[in-house]
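Worksheet: the structure to be examined is printed underneath.
Since every read-out is calculated from the coordinates, none of them should be taken as a lab result. Computed from a predicted model, the values in this text were never measured in an experiment. We place every Cβ from the backbone using ideal geometry, glycine too, and count neighbours over all the protein chains shown.
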Amino acid sequence: MTDGSSGSLLPSDPELDLSVPPKPEYVRTVRHTVGALARLHGVPEDVIEDIKLAVSEASTTALAVNAALSIPEPIEVRAWAAAAIMVLEVLDGGPGPAKEILGDPEELDTGDLPFEKALSLPLIRGLVDEVALGPRPGGGSSLRMTVSLQPEG
């Protein structure tokens, strides 16, 4: 898999493929598991904290969407890492936008998003370098976040 923005080669299979019940107590498990993967890749601690907070917000939103719509499906979290980037994907059973929305988080129009998804985006915007939100094959939605692991400049 190649990340389009940075050209970094990512493994085709995620290094982390986690499925958790749609219950709030599992958000902590997701956050700590993603943090452990980032540490294995030598990610600086301040970046790890941003990654953990972003995935926590995305997971909490996914759980809220599933609960509001009485969707019993688990929340899925996937992560890929390379020397320069980490990509995180949170999948839920709720509706996504009619078309994929992606790019620089500061440039995304939250008016294009379902209400529940728009709630977490302002916080996630400040923590990641790119966001993509879209429908997932077979139903549900996918929130993909890309974080640069290289210092700027």
D129 versus S148, label points 7 Å from Cα toward the beta carbon: distance in nm? 0.5 nm
Two-site FRET efficiency, D46 against A68, from Cβ-Cβ distance with R₀ of 22 Å, rounded to 0.05: 0.10
Read phi for every residue in the stretch 33-46 and hand back ³J(HN,Hα) as whole Hz from Karplus 6.51 cos²θ - 1.76 cosθ + 1.60, θ = phi - 60°, with x for Gly and Pro. 5, 5, x, 5, 4, 4, 5, 4, 9, x, 5, x, 4, 5
Using 1/(1 + (r/R0)^6) with R0 = 22 angstrom and r between the beta carbons of A83 and R28, what's the FRET efficiency to the nearest 0.05? 0.20
